[in-house]
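No value in this document is a laboratory result; all are computed from the given coordinates. The model shown is predicted, which means the values in this text are computed figures rather than measured ones. Positions of Cβ are generated from backbone atoms using ideal geometry, with glycine treated the same way; all protein chains shown enter the neighbour counts.
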Amino acid sequence: MKSAGFKGDLLIRAALSVAAGFFLALSFPKAGLAGLAWVAPGLLLMAALGCGGSAAFRFGYVGGAVHYLASLHWLLFIPFPAGAVAGWLALSAYLALYPATWVWLCWRLFPGKFQTSALDANAEDYASRSTLHASRFTWPRPLLDQFVSTPLFQRALWALACATIWVALETAVARLLTGFPWNLLGVSQVRILPVTQIASVTGVYGVSFLIAWFSVALACAGLVLMARPASARLWLGDLLFPVLGVGFVCWFGVQQITATRPSAQTVRMALVQPSIPQTLIWDPKENTNRFNQLLRLTERALQEKPAILVWPEAAVPNVLRYEPDAYAEVRKLAMDHRVWMILGADDAVPRTEPSTGREFDYFNSSFLINPEGKIVATYRKRRLVIFGEYVPLVRWLPFLKHFTPITEGFRAGEAITPFWLTDLKVKTSALICFEDAFPHSVREYAEPDVDFLLNLTNNGWFGESAAQWQHAANAALRAVENGLPLVRCANNGLSCWVDPRGGMHEVFFPDSNDIYGAGFKIVEIPVRRGGEKRERTFYNRHGDWFGWGCVGIVLGLLAFSLASAKSRSTTNRE
């Protein structure tokens, strides 16, 4: 019976890790239960209370794996089963390393000392000091006493350190191995606009910091309450500064929102969403049918007299400039309706010295076409999707091509190419696909004279899933960070526009709760008046100062911790 208590503790710790992972996943769209994000990080830390380094890492990994397997389950909708399953498992396994590292580092830097690890203690002795019931669980008394014996001031600094470590790891995940800054913790608050406005100063990382700080402090307060239920002053002390921090951020956010004045000038745009299944996009025999469907939708949209017509990523089959019939149709639309067009299509450039048997370099591109039907600017996607647009190391590991449906990979573009619509006096920067998920990258596109950001995307890869909602949520934070409207034109959702404060507009089709179907939306986007200067946000001017600052602090804390450990080791030997 006593050893059963020890096994029960392991199960309960694992259950806490799993619950924390699910809470994180549910805080993001589609579920969008934003409040769970304020609980999950602290819950994950509680699962590893008193554990040694390797055990803490394992519990963190379990929670991270559950989070990413659940929140990225839309990868399984890719109509290529072998690659879908392999990608889902591999990406989730990699990303889970970050919360695992977070839990490990947090407990490594905890200022108090746990003399008896719950996992290393003798099972019988451990069970005799634990309270385990079918209906409730309390941590072993020695662990709680040792935690509460750590002075409040040190616990408060530790909670700040934990939040700093979280941001440092998010800064890393946004860059390492080409980066995957998808669903950073702050994105979970996309609908809580007073909270997200701090991103205009710190980037999304400031929102993540606030949530992690509060969550760890809440966990500290919970542990203190369990150990000293009669002393309310003790556990309230753990929450004091995080609550004040949340209050200040919300006050700042409300000030930002209420100070926003609507622009006196707008530009009318038509966003065409053809909703072509990815299997048809891959089928050359369907090129004519899907292009004709796009043209029919476009004719309807043009009846609304937009100044700008937008098609999503990969809207035009094949390579636009080398497809005479498709190019002729596009030119005819622009000239007949005297409309500017921005559209997604492949592009190709001849190689001067073919080295791999390929005569052309192919690019995932967007084109600006003026009302005279001429291509006046071309942007080539700079951040390519691994296994979706290129296969890494395929020359040395040819078997990798069996995990993707693509046959010819794209080459990455090299430069940002703003689109200047001269007679409208409007300037926009186009991004393609998940390029709008990278905070540090989008900032480069948000030049001082840009009126709005534009994202062309094809989420048809993922069917009718949460991917569309999560992508839009990530994009909304880019609007806040840079103080710019962001327009999204998608193949099958979510076509809409986001105002500079992160509010989403025209999310659904008229008289419908659908985002995935075929149709078009007419939107009025605020733009600068002639000669008007845009007020740049602090983040837009200074970038990831907050994220890199957290990285520097964490490196300093680790260096201090290692030096202290070495000093103690030397003293003990003497």
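The table below gives the values:
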{"item": "Gain upon complete extension [L424, F360; 0.36 nm per residue less C-alpha separation]", "result": "19.5 nm"}
{"item": "Least to most buried among L109, L75 (fewest other Cβ within 10 Å first)", "result": "L109, L75"}
{"item": "Cβ-placed point charges (K, R +1; D, E -1), dipole of the chain about Cα centre in debye, nearest 20", "result": "1320"}
{"item": "DSSP-defined beta bridges in the stretch 453-555 - what % are antiparallel, rounded to 5", "result": "50"}
{"item": "Dipole axis of the chain (+1 Lys, Arg; -1 Asp, Glu on Cβ), positive-most option in V173, L302, I386", "result": "V173"}
{"item": "For the chain, with +1 on Lys and Arg beta carbons and -1 on Asp and Glu, the positive-most of Y327, I78, L424 along the dipole", "result": "I78"}
{"item": "Residues H73 and I386, FRET efficiency given R0 of 30 Å [Cβ-Cβ distance, rounded to 0.05]", "result": "0.95"}
{"item": "Length added when fully stretched, R536-Q293, from 0.36 nm per residue minus Cα-Cα", "result": "83.4 nm"}
{"item": "Semi-axes of the equivalent ellipsoid for the stretch 266-530, Cα gyration tensor, largest first, Å", "result": "27, 21, 20"}
{"item": "Given charges at beta-carbon only (K, R positive; D, E negative), |dipole| of the stretch 266-530 in Debye", "result": "280"}
{"item": "Hydrodynamic radius (Kirkwood) for the chain, which is based on Cα pairs only, to one decimal in Å", "result": "25.7"}
{"item": "Contour excess over end-to-end distance, with Cα ends at F508 and W548 and 0.36 nm allotted per residue", "result": "10.6 nm"}
{"item": "Local net charge near T101, Cβ-Cβ under 14 Å (Lys/Arg +1, Asp/Glu -1)", "result": "+1"}
{"item": "Inter-probe distance in nm under a simple model that places probes 7 Å from Cα toward Cβ, at L176 and L33", "result": "3.0"}
{"item": "Label-to-label distance, nm, for residues given as K374 and K566 (7 Å Cα→Cβ offset)", "result": "6.6"}
{"item": "Unit charges at the beta carbon, dipole of the stretch 200-341: most positive-side option, V243, S208, C220", "result": "V243"}
{"item": "Order of V246, V554, V207 under a 10 Å beta carbon neighbour criterion, fewest first", "result": "V246, V554, V207"}
{"item": "Normalised contact order of the stretch 266-530, rounded percent, pairs of Cα under 8 Å and 6 or more residues apart", "result": "21"}
{"item": "DSSP bridge pairs, the stretch 267-377: antiparallel proportion in percent, nearest 5", "result": "60"}
{"item": "Bridge type composition, the chain - antiparallel percent by DSSP, nearest 5", "result": "65"}
